[in-house]
Amino acid sequence: MSEPISARRGAPSRATAIAAGHSTRPVAQRLRAHAEASHVPTALLGLLGLVATFGLWWLGLHLLTAPGSLQRQFTPDAALAALPSLISDGHLIGQAVVSLRRVAIGIGWALLIGVPLGFLVGRMRWLDATLAPTFQFLRMVSPLSWMPIAVMSLGIGERSVCFLLAFAAVWPLLMNTAAGVAQLDARWLELGESLAATRTEIIVHIFIPGIASHVLTGLRLALGVVWIVLVPAEMLGVSAGLGYLILDTRDRLAYSELTAVILTIGAIGFALDSLIRLVYRKFAA
């Protein structure tokens, strides 16, 4: 009988191989495994990180600024103290609703344009080769650089703001949809054709489930870009919205309220991103 492989000269033992494999694992993976083994909830770690950030913010301003100074109005405790009055009079909530409506309009137009166009680009190689340089060129232009053109073409107000938001959101949706269509397993399409499925059935039962995760990824990226572009876009001569409220509090020298509005913008953006991630996990499961 031949000698076992593990006993041959120079062959590492099973224990040695396992130890070597453990030692070469990336540090991040070992830390993640340790965190999972210690049963520390991820949400709790995130909450601790937020508390630590706010604590450093509070400590830094209280140590580096004098009591009663202008800078003290930017502390988190001053912002949280100003927040209830902004909420109770309905001013903050009303402006937030206006901003969310504009975001919904911009994202809606981006979905109507970006997803079908991305589907065509992903299906037709010649169309991808023809339009890819143009799309990459336009994608690299900051949406805010279109503000003068938007004002001259659409006027000051709602339409120009929604145009800027839609322009910012369309590229992540288009690119991710095209990538999802291009990466779809061709065997699924062949199976559908062999079963005499109609074009509508192939789109509904193969394409839509196959690219759903890519579209949701593009939607998450688009939402992040739109939420960043929203505030400067709402400084474009409109009389409502969170961006307008930033200017209003600045003009009134109400800096604690201004900081409260900034915190509100971050909180709403975080909530929207968490909602998209929740939907993504349901589709990816």
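The values are calculated or read from the model by the stated rules, or taken from the named source; none is laboratory data. Computed from a prediction, not measured in an experiment: that's the story for all the values here. Cβ placement follows ideal geometry from the backbone for every residue including glycine, while neighbour counts extend to all protein chains displayed. What goes into the accessible areas is simple: the full protein's heavy atoms, side chains included, and nothing from ligands, DNA or RNA. Shrake-Rupley method; radii C 1.70, N 1.55, O 1.52, S 1.80 Å.
Got a sec to turn the phi values of the stretch 273-278 into Karplus ³J(HN,Hα) couplings, 6.51 cos²θ - 1.76 cosθ + 1.60 with θ = phi - 60°, whole Hz, x for Gly and Pro?
Values, residue by residue: 5, 5, 5, 5, 5, 5 Hz.
What Kirkwood hydrodynamic radius, in Å, does the chain give when the mean of 1/r is taken over all pairs of distinct Cα atoms and then inverted?
For the chain, the Kirkwood estimate is 23.4 Å.
Cα axis of helix 91-123 to longest principal axis of the chain: angle in degrees, 0 to 90, nearest 10?
So the helix axis and the longest Cα principal axis differ by about 40 degrees.
Per residue of the stretch 224-237, what does 6.51 cos²θ - 1.76 cosθ + 1.60 with θ = phi - 60° give for ³J(HN,Hα)? Whole Hz please, x for Gly and Pro, Karplus curve as stated.
x, 5, 4, 5, 6, 6, 4, 4, x, 5, 7, 8, 8, x
What is the distance in Å between the Cα centres of the stretch 177-193 and the stretch 252-285?
35 Å
Using helices alone, what [θ] at 222 nm do you get for the chain, with -39,500 (n - 2.57) per DSSP H run of 4 or more residues, divided over all residues and rounded to the nearest 500?
-25500 deg cm²/dmol
Enter the accessible area per residue of the chain (Å², integer; probe 1.4 Å; all protein chains in place).
61 Å²
On a 0 to 90 degree scale, rounded to 10, what angle separates helix 158-182 from the longest Cα axis of the chain?
Roughly 0 degrees between the two axes.
Count the net charge of all other residues whose Cβ sits under 13 Å from the Cβ of Leu263, scoring Lys and Arg as +1 and Asp and Glu as -1.
Net local charge, Leu263 excluded: -2.
Quick check: the angle from helix 14-23's long axis to the longest principal axis of the chain, C-alpha only, nearest 10 degrees?
Around 20 degrees separate the two axes.
Taking K and R as +1 and D and E as -1, what net charge do the other residues with C-beta under 13 Å from the C-beta of Ala178 add up to?
Around Ala178, the charge tally is +2.
Net charge within 9 Å of Val161 by Cβ-Cβ distance, Lys/Arg positive one each and Asp/Glu negative one each, not counting Val161 itself?
Surrounding charge for Val161 is 0.
Can you give the log10 of the normalised intensity I(q)/I(0) at q = 0.13, 0.16, 0.17 Å⁻¹, computed with Debye over equal Cα scatterers of the stretch 51-106?
-0.51, -0.67, -0.71
Sort out for me the Cα centre separation of the stretch 138-162 from the stretch 114-133, rounded to whole Å.
25 Å
Keeping the other protein chains in place, figure out the carbon and sulfur percent of the accessible area of the chain, with a 1.4 Å probe.
C and S fraction of accessible area: 69 percent.
Please tell me the relative contact order of the chain in percent, rounded to the nearest whole number, where contacts are Cα pairs under 8 Å and at least six residues apart.
Answer for the chain is 21 percent.
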